[in-house]
Structures are given as C-alpha cells and as structure tokens.
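S.K.: Here it is, the structure in full.
The values are calculated or read from the model by the stated rules, or taken from the named source; none is laboratory data. The structure displayed is predicted, hence computed values, not measured ones. Note that each Cβ is placed from the backbone with ideal geometry, even for glycine, and that neighbours are counted across all protein chains shown.
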Amino acid sequence: MTRKFDAVVLGAEIDGLVAATELAKGGSRVLLVDEADEVGGSLRAIDFAGGRIVPLAPAADPTIVALGDGEPLVLNPEASDAALQKRSARDAQRWPDFARRTRRLAAFLDEVYRSPPPRIDADSIGELFGLAKLARRYRSLGRDGMIELLRTLPMPIEDLLDDEFETPVLKGALAAFAVSDVAQGPAAAGTAFTFLHRHVALADAARLVSHEAVSAAETAARAAGVTIETSVAVHSVDVADGRLTSVNLGTGESVTCKTAISCLDPRRSLLDLIDPRHHDAEFIHTVSNIRFRGVTTKVLLALDALPDFVSRAMNGAGATPGATIVIAPSIRYVERAYEATKYGRCADEAFVALTFQSSQGRPVAILHVQYTPYRLRDGNWDALRDAVADRALAGVERHIPGFSARVRERLVLAPPDLETRFGLREGGPAQGEMMLDQVLFMRPVPAAARYATPIAGYFLCGAGTHPGAGMHGISGRLAARAALAGA
C-alpha cells in the first residue's frame, strides 16, 4: 500500500511534534509516526505504582540539597551565601558573584542556541550576517566576560570549582551537576561547558519539560492538521539520485514525500534507515564515531511516606518540594565513581540524585544513579540490575536513615532498559554525548550540523542535533524552517 504526504516526521519527541506543527502551518500535508504507543519520546509518562509519572524529565526547580558531612547544604542562586556562611565565610562571600557569572555565561549560550549553529565556512550574505550577529553577542559580554567565556568552556569543572571554593560538599554537588548523564569525570576537559549547558537546559526545563507540555505540543500539532500515528515503526528511507523519495513503515506501507524530518538518534537516522551506498565512506565513518555512552540508571521507588529526615531537610533548610537531593560529598567522590566506568564497571559508590513526584497520592522517589555504563566489561545487566539498585539504596540510607524502610515498590531502568523503552541509543538521553567536540557545527556531524543532511529533502532534529540535550522544541522549529526554505 502506498500513501502520499508532503512531509513525514519520524519520532514524536517534543521536537518532532514542533517540527510537524511548523511544517503544517507552512502549508504542508504532514504525517508524524512513532513506534511507541503514545507521543512524547523520552518524556513519555510511565505507569508505576498505580499512577503515571515522567521518570526521565529533569527537575524544573534549580535548588540542590547537597548531602555530605554535617547539615544539608541548600544551593540556589539567591540564598546559598547564607547557607554557606556556616561552613565557609570565604565561600559565602564568593557564591553570589559565581552565580551571577554563571547565569551571564549561560545566557550567552542560550542566545546561541536559539539560532542554527554557525557555519565557519560561511560565504553567503545571510550566513555572514549570522556570524556577525554572533560576534556582537559575544562582544556584549564585555572584555572580562569574553575572557571568562573562553577560559571557562574548555576547563575541567574540577579546576573551575577549585579556583572558586573550598567546601567539599559544595564542590561535589556542583561537579555532579556538571557531569550528569556524561561519561566523563569532573577532571575531564570541557566539563565546565557541560556545567553551563545544564544551566541553560534547566531554565528551559522550567518552562517546558512536563507531560503537560507534551500534551500541549500534541494538541498544537493536531490543530495544525498533522496526522499522528503511533505504534508505527519506520523501516527505511528510500533515496534516488541523492534525493529522498519515500519513507517505508513497519506496517509494509510506503509513504511518498518530498520532505522528511527525523527526530530519531543521528546514527539510526543516517545509517540504519538509509542504504549506505547513498553516503560516501568518510561520512559513514564520521557518523559511526558519534559517542552516545549512556551511564545512568533510573530507580523508581514507591514510598509509603517521606522519611522524616527528608521533610526536615527540605523544610528546615528552606528548600522547596521540587528540589533535587544530591549525594556527591566531594569532587573526589564523583571522580572515583567515574573511574569505575572507564573500565566498564559500575561504581561501588555512585553519585545519586533524588527527586520526588506523586503517584496516587503517594510519594515516588526517582533516583538518578551514575556511573553505570551501558557496555559492561564483565557480566551483564540482567545479573547486575538489582545489585546496582541495592548499592544505590544503601548509599542513600547512609545519608538518609530510614529511607529504605519506606520503599514499597521499585522499578530499575538500566541503560539498556532506557534504550529499549524510550529509544535512547545506549541509554544516553542526549542522543550523542554533550561534549565540546560534539556541539554547535559539529553536532551531530559537520556535514549535517544545520539540520539538512547530504540527502536532499531529508532533515534531522532532536537532542542529537544543535542545540542538544534539554533544549526541547528548538531544533524541531529550526529544522522545519530549514526544510521549508529548501522545499
């Protein structure tokens, strides 16, 4: 059976929904397909403990409650100087300026992320104008800001924090924030960049990331006239004379179209779905070398009630219920956990971040457990899944006595489970690790960095493209604009 649409969008992440909506508003007849039974991709709600929760969404509240020696330390841009005063007068004095500089540098990245990545070989008036606009943004930082940005981006977060602070639990929590979902330790070059990127993504999450946001994006797509079909896998993409001709579905149908935008991971989009004879060898090699490297296990815990310690820590320290509790007492603690991953082992003492949601009126704790590599040197995940969860719970118990006794039900999602359930290659939510050599005009690869691919009519969007993980909706909009401009 053959059908015909102007455009087909592959994958119903928020970026895919936004791309489909933009195409439809531009006058295209659009089909959006996803192999899951509902839209949302990695933000899809999951049934757990008698309710529906979103386990992969980052917390929208920027507050961190850092656990280590002594009382919990609440970190947020406004109030942390007072909390730090009890531990270090020097750190309390330096914190406000550090928070302001971080926000300013992150705001620059945020502006960069709202436009297609710059082309360093720009030759048209429009492209040269874009570079000039970027240069003006950079100059707006002022002399000190420009120097600070160039100094910060390639730094290890360990060096940046050691330059600023002396309190171990403060540095440990911030380092953990920087390397979350990254297969690097805080001593790795470029982790100061990931620290800034996560600040941008966190601000975006506060505006967008929720199951309600997915529903709103779906409603907007349907209102624009998009045909949405779930439980439909994409089998392949047909190409003739260097141009996309059709998309073949797992149902056996072939959908002819002039345009397709894939929200799937870049390797699947460019290599798995397209016959390799349509690419040159260098392109195949470059795409094959995209790093994914998932290192995170999610443990969902249904609790009968919050432990008293958690309530006291939240209320007594002035944290909000949406705060993230982080167990990373020092930079060395985080680096030591990473060292296990280098050799294909799960950390004996992983760094753990806890957030809380509600299911049927009962609290649910969501544990982000890192470092737990997708590729294990010894053993397999079927044997290790429960052991990793048990060690993570033991670590939480050491800092929050009585926590384990509150657990009534649990679900462990190791990196292979995240891959299977949410389509995240190797369990990495970024669909391509967010490090300096895989961002901007190198994301996902230079030949496909501005959403268009070497295949005419075939475009990419999603976390694996600029601006990357956490910036939901931006790449979908920019990819649709690129497609409409090239139609």
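S.K.: Within the group L244, L300, L270, which residue is within 30 Å of A183 (Cβ to Cβ) and either at pLDDT below 95 or touching a strand residue (DSSP E or B) at 6+ places or on another chain (Cβ under 6 Å) (or both)? It would help to see each step written out before you state the result.
M.R.: On the way: L244 fails: within 30 Å of A183 (Cβ to Cβ); L270 fails: either at pLDDT below 95 or touching a strand residue (DSSP E or B) at 6+ places or on another chain (Cβ under 6 Å) (or both).
Sole residue among the options that is within 30 Å of A183 (Cβ to Cβ) and either at pLDDT below 95 or touching a strand residue (DSSP E or B) at 6+ places or on another chain (Cβ under 6 Å) (or both): L300.
S.K.: Scan the range 423-433 and tell me whether some residue there is of a type outside the set (S, T, N, Q) and more than 17 Å from the chain's Cα centre (by Cα).
M.R.: no
S.K.: Quick check, is L354 in contact with a His (Cβ under 8 Å, 6 or more places away or on another chain), among the aliphatic types (A, V, I, L, M) and under 29 Å from D265 (Cα atoms)?
M.R.: Yes, satisfied.
S.K.: Could you check, for the range 36-54, whether at least one of its residues is among the hydroxyl-bearing types (S, T, Y), in contact with a helix residue (DSSP H, G or I) (Cβ under 6 Å, 6 or more places away or on another chain) and modelled with pLDDT under 95?
M.R.: yes
S.K.: If V214 passes every condition in (1) surrounded by 15 or more Cβ atoms within 10 Å (Cβ to Cβ); (2) within 30 Å of L67 (Cα to Cα); (3) modelled with pLDDT under 95 but one, which one does it miss?
M.R.: Just one mismatch for V214, condition (2).
S.K.: How many residues are buried (at least 23 other Cβ atoms within 10 Å of the Cβ) and over 18 Å from G294 (Cα atoms) if we restrict to the range 181-191?
M.R.: Within the range 181-191, residues that are buried (at least 23 other Cβ atoms within 10 Å of the Cβ) and over 18 Å from G294 (Cα atoms) number 0.
S.K.: Taking the condition of being touching a Phe, Trp or Tyr at 6+ places or on another chain (Cβ under 7 Å) and either within 12 Å of E13 (Cβ to Cβ) or surrounded by fewer than 22 Cβ atoms within 10 Å (Cβ to Cβ) (or both), how many residues in the range 25-43 meet it?
M.R.: 3
This table checks each residue for (1) surrounded by fewer than 19 Cβ atoms within 10 Å (Cβ to Cβ); (2) assigned to a helix (DSSP H, G or I); (3) in contact (Cβ under 8 Å) with a residue 40 or more places away in the chain.
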residue: P329; (1), (2), (3): no, no, yes
residue: V334; (1), (2), (3): no, yes, yes
residue: E339; (1), (2), (3): yes, yes, yes
residue: T355; (1), (2), (3): no, no, yes
residue: S358; (1), (2), (3): yes, no, yes
residue: P363; (1), (2), (3): no, no, yes
residue: I366; (1), (2), (3): no, no, yes
residue: E409; (1), (2), (3): yes, no, yes
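Yes or no, residue by residue, for (1) in contact with a Cys (Cβ under 7 Å, 6 or more places away or on another chain); (2) surrounded by 20 or more Cβ atoms within 10 Å (Cβ to Cβ); (3) of a type outside the set (K, R):
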residue	(1), (2), (3)
G250	no, no, yes
S262	no, yes, yes
P266	no, yes, yes
L270	no, yes, yes
R293	no, yes, no
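S.K.: If you don't mind, there's one more thing I want to ask. Given the conditions (1) among the aromatic types (F, W, Y); (2) at pLDDT below 95; (3) within 19 Å of V182 (Cα to Cα), which single one is not true for F403?
M.R.: For F403, the failing item is (3).
S.K.: Hey, another quick one. Would you be able to tell me the number of residues in the range 391-407 that are farther than 12 Å from L303 by Cβ and either out of contact with any Ser or Thr (no Cβ under 9 Å at 6 or more places or on another chain) or not in a helix (DSSP H, G or I) (or both)?
M.R.: Total satisfying the criteria: 5.
S.K.: F98 versus (1) surrounded by fewer than 17 Cβ atoms within 10 Å (Cβ to Cβ); (2) touching a residue at least 12 places away in the same chain (Cβ under 8 Å); (3) over 23 Å from the mean Cα position of the chain (by Cα); (4) part of a helix (DSSP H, G or I): which is the lone unmet condition?
M.R.: Unmet for F98, out of (1) surrounded by fewer than 17 Cβ atoms within 10 Å (Cβ to Cβ); (2) touching a residue at least 12 places away in the same chain (Cβ under 8 Å); (3) over 23 Å from the mean Cα position of the chain (by Cα); (4) part of a helix (DSSP H, G or I): (1).
S.K.: Within the range 208-247, take every residue that is among the acidic types (D, E) and not in a strand (DSSP E or B) and give me the one that is nearest to A483 (Cα to Cα).
M.R.: Just the residues of the range 208-247 that are among the acidic types (D, E), to begin with: 212, 218, 229, 238, 241.
Those still in the list that are not in a strand (DSSP E or B) too: 212, 218, 241.
Working: E212: 28, E218: 20, D241: 19 Å.
Ranking the candidates gives D241 first.
S.K.: Hey, another quick one. Restricting the search to the range 411-427, which residues are of a type outside the set (A, V, I, L, M, F, W, C) and either part of a helix (DSSP H, G or I) or modelled with pLDDT of 95 or more (or both)?
M.R.: Result: P415, P416, D417, E419, T420, R421, R425, E426, G427.
S.K.: Confirm whether V388 is within 24 Å of L301 (Cβ to Cβ), part of a helix (DSSP H, G or I), among the aliphatic types (A, V, I, L, M) and at pLDDT 95 or above.
M.R.: Taking the combined requirement at face value, the residue satisfies it.
S.K.: On to the next question. Quick check: is even one residue across the range 336-343 at pLDDT 95 or above and aliphatic (A, V, I, L, M)?
M.R.: yes
S.K.: Name the residue that is farthest from P276 (Cα to Cα), counting only residues in the range 443-487 that are β-branched (V, I, T) and not in a helix (DSSP H, G or I).
M.R.: Of everything passing the filter in the range 443-487, T465 is farthest from P276 (Cα to Cα).
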